[in-house]
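I have placed the structure first, in the form of C-alpha cells, so that the comments after it can refer back to it.
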Amino acid sequence: MATDVEVVGEADEPGWEVDPDDEWGIAVIATVGRQLRLRREAVGMRAADFGKAVGYGEDMVYKIESGKRIPRPEFLDTADGVLRAGGLVSAMKEDVEKVRYPKKVRDLAQMEAKAVELLSYGNHNLHGLLQTREYAWALMRTRRPVPEEDLLEQAVAARMARKSIFDRSPAPELSFVLEETALRRPVGGKMVWRRQLEHLLEVGQLRNVEIQVMPTDRWDHPGTGGRIQVLKFDDGTALGRMDDEFNGRPVSDPKQLRILELRYGIIRAEALTARESLAFIRQLVGES
C-alpha cells in the first residue's frame, strides 16, 4: 500500500465546510462519511494510515468521516483505490456533487437551469454568468473580512458551475446590460481584466446572448436603484428581484414583475445596441 504521498498541512488541508442551514446536504455528507469510515474499518486501516495513503491529515479524515467536511472528488477517487472499493467510493461523487455548493447557490443554479429567458442589469459588477474564473476569484477576494481560501475556492467553483446554462439545448435567451464603469474597473489587475473583456466578446457572439453596455453619461434611467434580474420559465411563470424594490426579495406576482420588466425595457432602450456594445468592448481591449 502506498505510503509516500505527501500529507497536506493542517492549515491547508482541502475540504469544504457543510452549510449549517442545508439539512439535506448535511444528511448526504454524513452518509458519505459514514460509508467511508465503515470501508476503512473493514480493511483494517487506522485513520492515520489512511490519511497518509490519501495525502490528508488524520484530523481531516475524522472530519470527513463525521460529516463535518465535504470530501473533494479527487479524495474520493484516491480513497476508492486505497480501500480497494472497486469504484463504489468513487461513485459517491455524484451525491457529493449535488451538495458541494451552498444551498442558496444551488437554488439559484436550479432556477437558472429551468429558465427559458434571463434578463439582467448590473450597476456595479459583471453578472456571475459572465465572469471568468480569475475575475471571480479576484472579485471575491475584495470582500472583508477576506474569506478563507477553501471557502473562496468553493464559491468560485459554484459560480463556474452555473455557467452550464450556456450549454443547454434548447438554449435560453440571455440578455445582459452592463454598466460602463464595471467594464472599466480592472478587477484582478491588467491581465485578468483583459481576459475578462475578451471573454465577454466570446460570449457576446453566441446567438442566444445579447450583451449591452450602459454608458456612464446616461444617468436618467430606472437602473440607478440597483440590480434588476428576471427569470422566465417555460410554463409562463417568472421570478424577479431588484435591489431597492420589494425589500430586495424575489417576487413572482405578475404586477410586481411587470414593474421590473418595465424598468428593464427602458434600461435596454437607453443602452448601446448589442453591436455597438461589442464594438465598445473591443475598444476597451485595445486600450488595455
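What follows is calculated from the coordinates using simple rules that are stated; it is not laboratory data. The structure displayed is predicted, hence computed values, not measured ones. Virtual Cβ from ideal backbone geometry, glycine too; neighbours counted across all protein chains shown.
Region 191-230 and region 238-262 have their alpha-carbon centroids 21 Å apart.
Distance check, please: which entries in Lys63/Lys114; Lys93/Lys163; Lys98/Lys190; Lys93/Lys114; Lys190/Lys232; Lys68/Lys114 exceed 26 angstrom between their Cα atoms? Check vs 26 Å cut-off fails for Lys63/Lys114; Lys98/Lys190; Lys190/Lys232; Lys68/Lys114.
Overall, the chain carries a charge dipole of about 320 debye about its Cα centre when +1 sits on the Cβ of Lys and Arg and -1 on the Cβ of Asp and Glu, all other atoms neutral.
Return the percentage of antiparallel bridges among DSSP beta bridges fully within region 103-287, rounded to the nearest 5 %.
Values: 13 of 25 bridges.
The antiparallel fraction comes to roughly 50 percent.
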